[in-house]
1. Given the convex hull of the Cα atoms of region 219-376, what is a quarter of its surface area in nm²?
2. So if each residue of separation counts as 0.36 nm, and I subtract the Cα-Cα distance between F443 and S203, what length gain in nm does that give?
3. Within 11 Å, Cβ to Cβ, of H85, how many net charges do the neighbouring residues add up to if Lys/Arg are +1 and Asp/Glu are -1?
4. Need one word for region 318-463: rounded, prolate or oblate. Basis is the Cα gyration tensor (sqrt eigenvalues a ≥ b ≥ c); a/c below 1.5 gives rounded, then a/b vs b/c decides.
5. Among P11, L152, F338, which residue has its Cα furthest toward the positive end of the charge dipole of the chain, with +1 on Lys/Arg Cβ and -1 on Asp/Glu Cβ?
6. Starting from the eigenvalues of the Cα gyration tensor, five times each then square-rooted, give me the equivalent ellipsoid semi-axes of the chain, largest first, whole Å.
7. Exposed loop GluC sites (Glu not before Pro) only (DSSP loop, at most 13 other Cβ atoms within 10 Å): please give the longest stretch of the chain free of them, not including the sites.
8. Whose amide H sits under 5 Å from the amide H of L216, counting only residues 5 or more places off or on another chain, with H placed in the peptide plane?
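The numbers here are math on the coordinates, done by the rules we state, and not lab data. The shown structure was predicted, so the numbers you read here are calculated from the model rather than taken from an experiment. Cβ: placed from backbone, ideal geometry, glycine included. Neighbour counts: every protein chain shown.
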Amino acid sequence: MRYVSTRGAAPPVSFVEAVLAGLAPDGGLYVPDRWPTFSAEAIAGVADIPYAQAAAQVLGAFAGGEIDAAELEAMCAAAYATFEHAAVAPLRQLSPDRWLLELFHGPSLAFKDVALQLLARLYEHILQRQGRRLTIVCATSGDTGGAAVEALRGRANIRLVVMFPEGRISDIQRRFMTTAPDANVATVAVDGDFDDCQRILKSLFRDQVFAREVSLAAVNSINFARLAAQSVYYFTSAAALGGPERPVAFAVPTGNFGDAFAGWMARAMGLPVSRIIAATNANDILARALTQGRYARASLAATESPAMDIQSASNFERLMFEAAGRDADATRRLFEGFDQSGDVALDPAALRRAGEVFTGVSASDAEGAQAMRASLASGGVVDPHTAIAIAGLRKVDPLPKGPLVVLSTAHPAKFPEAVSAATGAPPPTPPAAARVHALSERFDRIAADVAAVKAYVRAFATQ
Ligand SMILES: *Cc1c(COP(=O)(O)O)cnc(C)c1O
């Protein structure tokens, strides 16, 4: 299988090349040249196999023979053995027709573990095969950094530098990044905000001499392998609820639109998904795009669901490419226009096609807090991101018929201040949170300065 860019001006590449590159050289995102499909029997069969095996089947369909099937199975088994729950992504029933899909049983208590635990092993496997090394630099507003550290610590041929904005993430988020003793991980507190961290990261990639010198790579959610790994839990949850006979709807708290698009991918692969409700917080660019037909940046608001505080939803480009009938020229015009002006009109036909699957909705912090209080009263408090999806559902009329699965993307213990403020009670402390509280921290401090970060990364990468 080959991977093509949504902007059509980069040569097709293999799965391995797409995973290593992340972004295509023409600025587009990689998608497979066709979507693999699963038969109804194969989908029903997912209900009877372990999660790791389902993951190996889905990833195998995308890797197209480039990675040995037995090795892929071993990587999936190792990745999901790090999860605290035997089911990996268990369903909890909320009401006769509604379930919570718990995606937070991994080592850093956020759903990003599901993809990064696997991506780390894919990287290690590919690099060992090619005899290469990579330096992965990550800018994080909280959850990605912790998941990246947990996934990449101790991996051969990989060094990881995580930048976080000093003083602007929660105590427990910082501890997930600073307590790993492994020599291949460096965590730096940047004297600035998240935008500074992102700006510095982009400058590192723009300096191609530097990027080549240290073999720079990223693990952000535009990487196709992350989406492939995330499409797996759509299959496992739908199969558990009686798919493929019974179509299932999903509600997804959305920031960069990666998780929601992974649901679209599962549908393209044959899973009967009746609808995907993409819920944003006050940073509602995606909800506005889907309801009003304009993809338009607004000013960034700091909310209680910080992992969704995003003003351009990168993976939306993949949906628009598909909705435009894979017209790469139209996609390139649209997103180059957006990069320049921050405000573009969507093609009505493409919007209509996107609307056949997606409903966009947004919810405020106050509405999220109310959903957290209601969840506590009904037997299990949810985190502020999951709460946005639940609050968003209140505004969807009519709701899709049949089973509805709400993706729960973080353990409430990851956001203790917001949960306590909303409900008056601190969330329960799982073992992973207790563990990082007991460990000592190790991190460096650095100015929000490109030259300083370059010198730091160079020294770390070449030591
Ligand atoms: C990253 C994240 C999201 C948003 O996921 P996207 O794929 O960016 O839409 C939602 N909730 C939590 C807890 C996250 O960490």
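1. 10.0 nm²
2. 84.2 nm
3. Net charge around H85: -1.
4. Oblate.
5. So the residue we want is P11.
6. 30, 26, 24
7. Excluding the exposed sites themselves, the longest stretch runs over 1-244.
8. T135
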